[in-house]
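Below is one structure, written out as structure tokens, with a few remarks after it.
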Amino acid sequence: MILHTVASPFIIFQTDESEYKKQRTVYYNGIPLLVQQTETNEYEIVRLLSSDPQHYLTYEPGTKLCATSLQFMV
Amino acid sequence: MDERDISQEETKPSPTENIVQLGQTNVPQLSSDSTVHCLTIVGQIEGHIQLPPQNKTTKYEHIIPQIVAIEQNPNIEGLLVVLNTVGGDVEAGLAIAEMLASMSKPTVSIVLGGGHSIGVPIAVSCDYSFIAETATMTIHPIRLTGLVIGVPQTFEYLDKMQERVVNFVVKHSRISEEKFKELMFSKGNLTRDIGTNVVGTDAVKYGLIDEVGGLSQAMRKLRELIDHSNQQGAMLQ
């Protein structure tokens, strides 16, 4: 299938709304994190959003966090 | 030392737990807060449309408040900006670049891997810029995706947007407008596109970036700039 169009692929093949909901921005001990909900209802760090290099020595992507200790932004 | 270790263990997951999950261990932590903060501009610069979660994106709603916080925090003395970006939204990229350029604290940028497209203004916006020898920067004209109205005004709009990028880069680096435009509009360098892919040493040769170097050079320069601004602050008082 060839699509002759100027539109971006992401506009044509739109991602399902539920995909966006999996990832959330949270505060954990005052550190902003991008987390993803796992199948076991835990939250896994996807990315640290902090600019303090020290925070990167404390948490790293992949670490699982308990949902109760997270402070959700919006 | 021991006391601190004990208090941290209460909040942190145990090292063994991490090994089971990921094959990673926690690295030792330094006690004091860092006086140099680091902003990473990675993946795509996200504009007004949220990209699907599989894309790595730099969101301006994250970056801009961080820049404001860094500017305001008296404990932070300098900022290191690490770039590995493919570019993205022009307005969002220029917003980040303008914020960095208008900071009063010393800023040093380092391009690793790639600082393409709208990553170029961000790289040059800092007080001093570095590029890794193997890193590249793609300079190309602005393009528009989505619905385009086929009227001359569309071109004028794009041309004005292009001028903003060119002016910003020329103002914040040693490159001349003629040279930058020459690189931007040159043919035959990129497949299916107009522009030039500038590699490490060439970026310095053209005056786009200040120096070829890595992390240690960038940190040394940042320390130098911090010391210089501290001295100036002392003189004013």
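The values are calculated or read from the model by the stated rules, or taken from the named source; none is laboratory data. From a predicted model like this one, the values you see are computed outputs, not experimental measurements. Cβ: placed from backbone, ideal geometry, glycine included. Neighbour counts: every protein chain shown. Accessible surface areas use protein heavy atoms only, side chains included; no ligands, DNA or RNA. Shrake-Rupley method; radii C 1.70, N 1.55, O 1.52, S 1.80 Å.
General remarks:
- The sole residue among B:Ile64, B:Ile49, B:Ile122 that is in contact with a strand residue (DSSP E or B) (Cβ under 7 Å, 6 or more places away or on another chain) and of a type outside the set (Gly, Ala, Ser) is B:Ile122.
- Elements of type helices (runs of 4 or more DSSP H) contained in segment B:59-150, each with 1 or more residues being of a type in the set (S, T, N, Q): B:60-72
- Within segment B:84-91, the presence of at least one residue that is at pLDDT 90 or above and open to solvent by less than 20 Å² (accessible area, probe 1.4 Å) is confirmed.
- If you filter segment B:48-58 down to residues that are assigned to a loop (DSSP other than H, G, I, E, B) and among the polar types (S, T, N, Q), you find that the one that is nearest to B:Thr138 (Cα to Cα) is B:Asn55.
- Pick from segment A:39-62, criterion among the hydroxyl-bearing types (Ser, Thr, Tyr) and over 21 Å from B:Thr57 (Cβ atoms), ranking: farthest from the other protein chains (Cβ to nearest Cβ): A:Thr40
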